[in-house]
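Participant: A single structure is presented below for examination.
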Amino acid sequence: MEKFNIAIDGPAGAGKSTIARLVAGALGFVYVDTGAMYRAVTWRILEEGLREDQTEEMISLTRQSNIRLAPGSNGQAVYVDGQDVTGMIRSAEVTGNVSRVSAISEIRDVLTRKQKEMAAGKGIVMDGRDIGSQVLPDAEVKVFLTASVRIRAERRLKEISDSQPEVTLDQLMTDIARRDRMDEQREASPLVRAPDAVLIDTSGLTIDEVVHRILELAGSRVGGGK
Ligand code: CDP
Ligand code: CDP
């Protein structure tokens, strides 16, 4: 089958990583979670103990760090300089700091370059915030996933209710709305729907329905219906 690239963007909890992974599996493509790369850099910066005003140090640390994604037993594994940080990059501390770190344009340049290299051979499904607009502007298929803040927070609550029973729906809604705002309002590659991205509101859709819709879209775009 002819190889092509699929760009999936959208706000936190819209279903990007779940759906991108399933679409990649169905097509035999490679899934790249760019949010995990921003989380890995943020983890490294926090680990180093850098203060919020040490922007230059954050940039050099990012340039020096070797971030690697690899298929793991439970989805995508993430390594920083050989250390497995897959679990640690999902901590509340990383989640609370990642939007601030990813607003630094030099850090975005380093990761964007790496992401473009990863997609050069085609056959990639990549998800993030700026994939259709900046990283893969020529992707054959572009999708922008969204859902209401409440639904996205309810989904997150379900995921963490066992491990973090103290977290409330209100807290998650506040956190998600804050991150949306920071990601949408930053100057460097903000979260934006590329003009040619197909909008899918996942609020009332099952995961399977969204996957099916994207596969249909891929079939019609790549199979000649473009
Ligand atoms: O999984 P979740 O939606 O919580 O977020 P993520 O995809 O892991 O991304 C974490 C953060 O990284 C986002 O809130 C953005 O600040 C940043 N990010 C970005 O700026 N650009 C990307 N291409 C991907 C993520
Ligand atoms: O990557 P992103 O932050 O956009 O979202 P995710 O981590 O893939 O999805 C957040 C949660 O929503 C997961 O638990 C998915 O199973 C769930 N989900 C859903 O219930 N229905 C959908 N249509 C899409 C995702």
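Participant: Restricting the first residue to region 13-24 and requiring it to be among the β-branched types (Val, Ile, Thr), which pairs with a second residue that is within 8 Å of ligand 2 (Cβ to nearest atom) and open to solvent by less than 10 Å² (accessible area, probe 1.4 Å) meet a Cβ separation below 7 Å and a spacing of at least six or different chains?
Facilitator: Going by the 7 Å Cβ cut-off, the qualifying pairs are Ile19/Leu145; Ile19/Val210.
Participant: Can you confirm whether region 164-177 contains a residue that is open to solvent by 70 Å² or more (accessible area, probe 1.4 Å) and touching a residue at least 24 places away in the same chain (Cβ under 8 Å)?
Facilitator: Of region 164-177, the ones open to solvent by 70 Å² or more (accessible area, probe 1.4 Å) are 165-166, 170-171, 174.
Next, from what is left, pick out any that are touching a residue at least 24 places away in the same chain (Cβ under 8 Å): none.
For region 164-177, residues open to solvent by 70 Å² or more (accessible area, probe 1.4 Å) and touching a residue at least 24 places away in the same chain (Cβ under 8 Å): absent.
Participant: Can you pull out the residues in region 199-212 that are surrounded by 17 or more Cβ atoms within 10 Å (Cβ to Cβ) and assigned to a helix (DSSP H, G or I)?
Facilitator: Val210, Val211
Participant: Assess whether Thr112 counts as being more than 14 Å from ligand 2 (Cβ to nearest atom), open to solvent by less than 40 Å² (accessible area, probe 1.4 Å) and in a helix (DSSP H, G or I).
Facilitator: Numbers: more than 14 Å from ligand 2 (Cβ to nearest atom): yes; open to solvent by less than 40 Å² (accessible area, probe 1.4 Å): yes; in a helix (DSSP H, G or I): yes.
Yes: the conditions hold for Thr112.
Participant: Same structure again: Tally the residues that are more than 17 Å from Arg21 (Cβ to Cβ) and either among the charged types (D, E, K, R) or touching a strand residue (DSSP E or B) at 6+ places or on another chain (Cβ under 9 Å) (or both), restricting the search to region 89-109. Talk me through it step by step, then tell me what you get.
Facilitator: First, the residues of region 89-109 that are more than 17 Å from Arg21 (Cβ to Cβ): 91-109.
Narrowing further to those that are either among the charged types (D, E, K, R) or touching a strand residue (DSSP E or B) at 6+ places or on another chain (Cβ under 9 Å) (or both): 93, 100, 106, 108-109.
The number of residues fulfilling the criteria is 5.
Participant: Still on this structure, I have one more. What number of residues within region 144-159 are surrounded by 14 or more Cβ atoms within 10 Å (Cβ to Cβ), over 24 Å from Arg193 (Cβ atoms) and within 12 Å of ligand 1 (Cβ to nearest atom)?
Facilitator: Residues flagged as surrounded by 14 or more Cβ atoms within 10 Å (Cβ to Cβ), over 24 Å from Arg193 (Cβ atoms) and within 12 Å of ligand 1 (Cβ to nearest atom) within region 144-159 amount to 0.
The values are calculated or read from the model by the stated rules, or taken from the named source; none is laboratory data. All of these numbers come straight from a predicted model, not from anything done at the bench. Don't worry about glycine lacking a Cβ; one is built from the backbone with ideal geometry, like all the others, and counts go over all protein chains shown. The protein model used for the area step is the full one, side chains on, heavy atoms only, and it has no ligands, DNA or RNA in it. Shrake-Rupley method; radii C 1.70, N 1.55, O 1.52, S 1.80 Å.
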